[in-house]
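Scroll down for the structure; my scribbles are underneath it.
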Amino acid sequence: MSRLIRARHARTIAAVTGSLVLAGSLSACGGSSAASDEKTVTVYSADGLKGENGDGWYDQVFKDFTKKTGIKVNYVEGGSGEMVQRAVREKSNTQADVIITLPPFIQQADEKGLLQEYKPKGSEQVDGADKDADGKWTSVVNNYFGFIYNKKELSGGKAPKTWEDLTDSSFKDKVQYSTPGVAGDGTAVLIKAMHDFGGKKPAMDYLKKLQTNNVGPSASTGKLAPKVDKGELLAANGDVQMNYAQSKDMPNLGIWFPAKQGGKPTTFALPYAAGLVTKAPHDANAKKFLDYLLGRKAQQQVSEIGGGFAARKDVKATDDNAVALDKIVDGVEVFEPDWADISKNLKAYVEDWKSATGS
């Protein structure tokens, strides 16, 4: 990985997508729920780290963790906002042991009292900007926001480069992005647009114009990639880790970073951040799980298997995936969002988006 990318990682701020997936049954009744099993840990997570064919980073990590500890992982997948909202609803009967989301939802989880302090083993090797100072959460996989396009249908000069390209009539009913406020990557569309267009109003004006070509809202970012690969969509939002991993089985996916017309392509860090849930039913198991995620073996597998960037600074990936990922983000300007502002004003930003787009 290049010095530039490592430098960018050193300044990233830790952090959506998703259809609901449940591995192992969960019940609202404590006595019969999966939470009552002493040999389990329940993880609520944003999607993107579990493979379509059981070949993702989570798939390998869960398998290895269970083999090492005997603890089964019950996995619930959804949008970052969706996972936080679910955990809030369950506060009187907590089901989740660990929450893993993108920003600003991990910060919101903390603000809502969902996270308790725990500093996993190995977190000392995570940059200070990528973890909470009080130990409420820490990044486990670093990542970047991006877009995808169908490189078979949009080869050569037809490949999109700017935001404005997506408003062309050739993209009519062929563009879709996940829902802001529900999906982390959908929220990222607002964040990047406000940055690239220089403020909230011009960003909302653009998204209103884009609505002519937009298919409509989607709770899952992960489900957009198969549509792009098949040509049902020509462009959609995503993130580098998830889309790079998907591209192994979806050869028509191309990753790109929209620029404002006349400007440079930009992106920002969207790490997966993990926290220990307050009153976690399996507190001890959850701590072991978080320790395992930040262990050297699991971190080395982030790029080898997951197509992402290791959260630990002392894990230097040199595998083929790491080299390819470095090339994808080469030359792309990386900015740092004001997560405190976004967390505080997210509801208002989402309402403004709904007004602008009629969603």
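Quick grid of which residues meet (1) surrounded by fewer than 14 Cβ atoms within 10 Å (Cβ to Cβ); (2) modelled with pLDDT of 95 or more; (3) among the small types (Gly, Ala, Ser); (4) over 19 Å from the mean Cα position of the chain (by Cα):
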residue: Arg11; (1), (2), (3), (4): yes, no, no, no
residue: Ala28; (1), (2), (3), (4): yes, no, yes, yes
residue: Ala35; (1), (2), (3), (4): no, no, yes, yes
residue: Val43; (1), (2), (3), (4): no, yes, no, no
residue: Asp47; (1), (2), (3), (4): no, no, no, no
residue: Gly51; (1), (2), (3), (4): no, no, yes, no
residue: Lys63; (1), (2), (3), (4): yes, yes, no, yes
residue: Thr66; (1), (2), (3), (4): no, yes, no, yes
residue: Tyr75; (1), (2), (3), (4): no, yes, no, no
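Selection within segment 247-298: residues that are basic (Lys, Arg) and touching a strand residue (DSSP E or B) at 6+ places or on another chain (Cβ under 9 Å). The member of this set that is surrounded by the fewest Cβ atoms within 10 Å (Cβ to Cβ) is Lys264. Given the conditions (1) farther than 20 Å from Asp239 by Cα; (2) buried (at least 19 other Cβ atoms within 10 Å of the Cβ), and given that Gln125 satisfies all but one, which numbered condition is not satisfied? Only one criterion is unmet by Gln125, namely (2). Filtering segment 162-187 to residues that are in contact with a Phe, Trp or Tyr (Cβ under 7 Å, 6 or more places away or on another chain) and of a type outside the set (Asp, Glu) leaves Trp163, Pro180, Gly184, Gly186. Figure legend. Inter-residue proximity from segment 297-311: first residues among the β-branched types (Val, Ile, Thr), second residues surrounded by fewer than 20 Cβ atoms within 10 Å (Cβ to Cβ) and part of a helix (DSSP H, G or I), beta-carbon distance below 8 Å, spacing 6+ or different chains. Indicated pairs: Ile305/Gln60. A count restricted to segment 286-311 and to residues that are of a type outside the set (Phe, Trp, Tyr) and within 19 Å of Gly48 (Cα to Cα) stands at 16.
The values are calculated or read from the model by the stated rules, or taken from the named source; none is laboratory data. Just so it is clear, the model here is predicted, and its values are computed rather than measured. Counting neighbours? That spans all protein chains shown, and the Cβs are built from the backbone with ideal geometry, glycine included.
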